[in-house]
1. Looking only at helices (runs of 4 or more DSSP H) that lie completely in segment 1-56, which have at least 2 residues being crowded, with 16+ Cβ neighbours inside 10 Å and of a type in the set (Ser, Thr, Tyr)?
2. Which numbered condition trips up Asn8, out of (1) over 16 Å from Asp63 (Cα atoms); (2) at pLDDT 85 or above?
3. Could you please let me know if Lys15 is under 12 Å from the mean Cα position of the chain (by Cα) and not hydrophobic (A, V, I, L, M, F, W, C)?
4. Mind telling me which of the residues Leu70, Leu80 ends up being among the hydrophobic types (A, V, I, L, M, F, W, C) and surrounded by fewer than 13 Cβ atoms within 10 Å (Cβ to Cβ)?
5. Give me the pairs, please: first residue somewhere in segment 22-49 and in contact (Cβ under 8 Å) with a residue 24 or more places away in the chain, second residue anywhere and part of a loop (DSSP other than H, G, I, E, B) and among the β-branched types (Val, Ile, Thr), beta-carbon distance under 7 Å, and either six or more positions apart or on two chains.
6. Which pairs do you get when a residue that is assigned to a loop (DSSP other than H, G, I, E, B) and small (Gly, Ala, Ser), found in segment 76-96, comes within reach of a residue that is surrounded by 10 or more Cβ atoms within 10 Å (Cβ to Cβ) and at pLDDT below 75, reach meaning Cβ atoms under 9 angstrom, with the pair 6+ apart or on two chains?
7. Only one residue in Ala45, Ala9 is small (Gly, Ala, Ser) and over 19 Å from Val89 (Cα atoms), so which one is that?
8. Could you list, in sequence order, the residues of segment 1-50 that are more than 18 Å from Lys76 (Cβ to Cβ) and of a type in the set (A, V, I, L, M)?
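The values are calculated or read from the model by the stated rules, or taken from the named source; none is laboratory data. Predicted model only: the values in this text are computed from it and were never measured. Please note: Cβ atoms are built from the backbone with ideal geometry, for glycine as well, and neighbour counts cover all protein chains shown.
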Amino acid sequence: MKKKVKINAKDIFDKKFSKNLTGKSSEETIDIFCNTDNNYFANLAKKHKLEERQIASVVGFKDEFFVELLINQIIKENKLENRFYCKKVTANQTSGLLSRSIKLNNAEKY
């Protein structure tokens, strides 16, 4: 008997969504995100048979992906790769300024 593989929301986002959200420049990426509403993500998630909680996760991945992509595009466009980088953007349960940090030379800068 073949074991049923559970569909992973992150894998679906990475394979089916992310390439359509990436512009050639930060300006194009902003335009793409401004013209794409959450229903687009919810409908595509349903098409790929994701459960209700996974659909909410896809919408959250979209926000994290957008922020990380935009930061990296701006860094590259301004030729600042040797001074700044963005490895990962994630939602955090801590609220306020403490949940947002920027690292420069592996030291946190608020």
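1. 26-34
2. (2)
3. Values: under 12 Å from the mean Cα position of the chain (by Cα): no; not hydrophobic (A, V, I, L, M, F, W, C): yes.
Answer is no for this residue.
4. Only one candidate passes the filter, namely Leu80.
5. What qualifies is Thr29/Thr22; His48/Ile7; Lys49/Ile7.
6. From segment 76-96, the pairs are Ala91/Ser99.
7. Ala45
8. Our first condition is that a residue be more than 18 Å from Lys76 (Cβ to Cβ); within segment 1-50, this holds for 1-17, 20, 34-50.
Residues satisfying the conditions are Met1, Val5, Ile7, Ala9, Ile12, Ala42, Leu44, Ala45, Leu50.
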